[in-house]
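**Q** Would you mind keeping the following structure in view while I ask a few things?
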Amino acid sequence: QVQLVESGGGLVQPGGSLRLSCARSGSIFSIYAMGWYRQAPGKQRELVATITSTGSTNYADSVKGRFTISRDGANNTVYLQMNSLKPEDTAVYYCNANLRLRLGSLLRDYWGQGTQVTVSS
């Protein structure tokens, strides 16, 4: 069974930094991409950043130049380095993996439980 476990959230002052980690476990056939999404109170979940198994990245306009997504070589762990944090970055951050469990199976999304990031003075 695939599991995604996030860590690294917390409370930080505006302008500060945090680094989120997401560790993937469980047997799979292949992975297409991993990424981070976030959901603020009263808002829909939105994409923050993604990285494919070949290293291509994509960022939401609101975080470009401030956040950096990276992964380990085995695609088991994905990181999100968040710099110059703003109050509007406050949200629950969710890790996502888009993968195939077995040869011939469809690509499917898996989600972590989420980690709270609060940016406040």
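**Q** What value in Å³ per residue do you get for the convex hull of the alpha-carbon atoms in the stretch 1-113?
**A** 101
**Q** Hey, another quick one. How much net charge surrounds LYS43 when only the other residues with a Cβ under 13 Å from the Cβ of LYS43 are counted, with Lys and Arg +1 and Asp and Glu -1?
**A** Value of the local net charge: -1.
**Q** Tally Lys/Arg at +1 and Asp/Glu at -1 over every other residue whose Cβ is under 14 Å from the Cβ of ARG100; what's the total? Kindly include the intermediate steps, with their values, before the conclusion.
**A** Values: positive: ARG24, ARG102, ARG108; negative: ASP109.
Taking every other residue near ARG100 into account, the sum is +2.
**Q** If you don't mind, another one. Once phi is turned into ³J(HN,Hα) by the Karplus curve 6.51 cos²θ - 1.76 cosθ + 1.60 with θ = phi - 60°, what whole-Hz value does each residue of the stretch 84-96 show in order, with x for glycine and proline?
**A** So the J values, rounded to whole Hz, are 6, 5, 10, x, 6, 7, 4, 4, 8, 9, 10, 8, 10.
**Q** Taking the Cα centre of the chain as origin and charging only Cβ (+1 Lys, Arg; -1 Asp, Glu), how large is the dipole, in debye to the nearest 20?
**A** So the magnitude is around 180 debye.
**Q** Answer with one residue from SER121, GLY15, MET34: the one whose Cα lies farthest towards the positive end of the charge dipole of the chain, charges on Cβ with Lys, Arg +1 and Asp, Glu -1.
**A** Farthest towards the positive end: MET34.
**Q** Just order 100-108, 31-39, 112-120, 74-82 by mean Cβ neighbour count inside 10 Å, highest at the front, would you?
**A** On the way: 100-108: 11.0, 31-39: 21.4, 112-120: 16.6, 74-82: 18.7.
With the highest mean Cβ count within 10 Å placed first, the list reads 31-39, 74-82, 112-120, 100-108.
**Q** Give the Debye-formula value of log10 I(q)/I(0) at each listed q (0.16, 0.27, 0.30, 0.31 Å⁻¹), with one equal scatterer per alpha carbon of the stretch 68-121, two decimals each.
**A** Debye curve over Cα of the stretch 68-121, log10 I(q)/I(0) at q = 0.16, 0.27, 0.30, 0.31 Å⁻¹: -0.64, -1.16, -1.23, -1.24.
**Q** Excluding VAL78 itself, calculate the net charge of residues whose Cβ lies under 13 Å from the Cβ of VAL78, where each Lys or Arg counts +1 and each Asp or Glu counts -1.
**A** +1
**Q** Across the stretch 1-49, what fraction of all alpha-carbon pairs, as a whole percent, falls in each successive 10 Å bin from zero upward?
**A** P(r) over the stretch 1-49, rounded to whole percents: 18, 44, 30, 8, 0.
All of the numbers you see were taken from the coordinates with simple rules; none came from a lab. None of the values given here were measured: they were computed from a predicted structure. Backbone-built Cβ (ideal geometry, glycine too); neighbour counts: all protein chains shown.
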